[in-house]
Amino acid sequence: MAQSTFDARTASFLNWFRALPGATFHPSIQIQDLRPRSAGRGIVATADIPEDTVLFTIPRNAIINSLTSDLAKRIPQIFEDSTTGLEDADNEADEDGDASGPPDSWVSLILVMIYEFLQGDQSRWKPYFDVLPEQFDTLMFWSEPELHELQASAITSKIGKDEADNMFRAKVLPAIEEHADVFYPPGAQRLSEDQLMTLAHRMGSTIMAYAFDLENDEEEPDEENDDEWMEDRDGKIMMGMVPMADILNADAEFNAHVNHEDESLTVTSLKPIPAGTEVLNYYGPLSNGDLLRRYGYVSEKHSRYDVVELPWDLVLSVLQERLNLDDNQWGKALNELEDEEIEDCFVIDRDLDGPDEKGDVHGEVALKRLPEDLLEQINTFLKAIRKASPESIPDKRKRDEISVAAIHRALELRLAQYPTTEADDLSFARSGQVSGRQAMAVAVRVGEKHLLRQAIDLAADKINKMNGPGDVAEPTAKRQKM
Ligand SMILES: C[S@@+](CC[C@H](N)C(=O)[O-])C[C@H]1O[C@@H](n2cnc3c(N)ncnc32)[C@H](O)[C@@H]1O
């Protein structure tokens, strides 16, 4: 977008915001163009700001959702009537953006956003829509070759494009078609199905990266004074688009906080913010893979929360090779497991503390423990093996040894699923030949490989401790080459 258009849209949005009854905007902050560092618009302090300063106030009636948009007044039945299918008890997705199928608060907000967008100049949020993104770097919009750069990252299986397409076709497009006279202003050109799908993706992705869960305050609503902002009729937290609060960028360390009050939302400084510093919000302890999936960027500070997945099948294949049982014994042990609750996949993460009340994080970025649930499941399985073949696991010591060795080997195999090493990636990243989406993909896979290496070293350490001096597990690098 041309600089002049970008600046004009920023200025018009700021003027619109300031004119809202009840809105405030501190004189020592400014909306700035941060596109040179791929961060869109952001808010920057223009003078030193003390701790606990109200930076801006957003009146609740400036928020976009079904409580403020005319759409819910014009066709209340689509928000109330369960026969439309908007109320879907089977819907699994939750507020963290799980792609397995959004809950109805998502569908409602997508419909409201599409409605307000289609009203054009007639929408009271028009200057706000003009600063919302038209394009995204979230994984939903990556091509196959771009996704390929994520290598063996499990994040590629969580994009949920098909689920989103299905939901748009099942719930969003039919509601627009049925109430076309409401959605389209008089005389407006109707959109084709493809255009509506594109618009639904655009609004869905905007909601994913910009919407807020709306609470009232920290208190639970009581029965008499049931708080409509806190909960919708299904008891889920209501979402809304919050102009200005969503101009804030975010990081794992941050300096501002959004407070949810009765009549407004306020953003306050958590600590002194020096002039020239960006005002940052917090999106949660997300891995870089998840940050990329949901928000379309990565940050070095978020790599502390990186995760990798270790499939149970991989652990089983290692155990099968190592225990070398005949098919009959192996089959018996697997049968025993059928009565147990078996996890298909185990998450490895560092389980670090989140930020303190000032938005700072502390402590070493180390992996201290192998996943307890994985150790337990292997234990259960090895007990079943022992029933089928007592001689293969004579005692607990042997069982523990097999268990950690299997995890160690499975982690090595998991690491080998990434076609390049962490060292290759780091030198590629430093070569200056990588940018944009590719650079973000490299950051994700580097973080995951780093975590896997920490897990392998931790397992090797445990093996060495069990074996005692003189019987040392081979170092990671050597095993990796093999
Ligand atoms: C709530 S919006 C923040 C405002 C946004 N920069 C804009 O121009 O509209 C969230 C989006 O901002 C961008 N973003 C947020 N924090 C960022 C950061 N630390 N670095 C780069 N981009 C960031 C991402 O594109 C994300 O999807």
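Couple of notes before you dig in:
- Each part gets one Cα centre, and for region 115-132 versus region 428-457 those centres are 39 Å apart.
- The length gained on full extension between residue 358 and residue 6, counted as 0.36 nm times the residue separation minus their Cα-Cα distance, comes to 123.4 nm.
- Cα centroid separation - region 360-375 against region 1-29, whole Å: 43 Å
- Compactness index (Cα Rg / 2.2 N^0.38 Å), region 306-481: 1.19
- Label positions at residue 80 and residue 351, each projected 7 Å from the Cα along the C-beta direction, are separated by 4.9 nm.
- Beta bridge orientation in the chain: antiparallel %, DSSP, nearest 5: 95 percent
- Simple label model, 7 Å out from Cα along Cβ direction - residue 166 to residue 148, nm: 2.8 nm
- Estimated FRET transfer efficiency when R0 is 45 angstrom, pair residue 439-residue 397 (beta carbons, to 0.05): 0.40
- For region 306-481, the relative contact order is 27 percent, taking Cα pairs closer than 8 Å that sit 6 or more residues apart in sequence and dividing their mean separation by the residue count.
- Efficiency of FRET from Cβ geometry, residue 213 and residue 24, R₀ 25 Å, rounded to 0.05: 0.65
- With contacts taken as Cα pairs under 8 Å and at least 6 residues apart, the chain reaches a relative contact order of 17 percent.
- Based on the Kirkwood approach, the hydrodynamic radius assigned to the chain is 25.4 Å, with every pair of different Cα atoms included.
- Taking a span of 18 Å or more along the helix axis (Cα atoms) and a mean Kyte-Doolittle hydropathy of at least 1.0 as the rule, the DSSP H helices of the chain that qualify are 104-118.
- Label zone at residue 461, where the point sits 7 Å out along the Cα-to-Cβ direction: region 281-306 residues whose backbone N lies under 18 Å: 304-306
- Projected label points at residue 375 and residue 130, each 7 Å from Cα along the beta carbon direction, are separated by 6.0 nanometres.
- Local net charge near residue 131, Cβ-Cβ under 9 Å (Lys/Arg +1, Asp/Glu -1): +1
- Positive minus negative residues near residue 6 (Lys, Arg vs Asp, Glu; Cβ under 9 Å): +1
Readers should treat all values here as calculations from the given coordinates under stated rules, not as data from a laboratory. Predicted, not measured: the structure shown is a model, and the values here were computed from it. Positions of Cβ are generated from backbone atoms using ideal geometry, with glycine treated the same way; all protein chains shown enter the neighbour counts.
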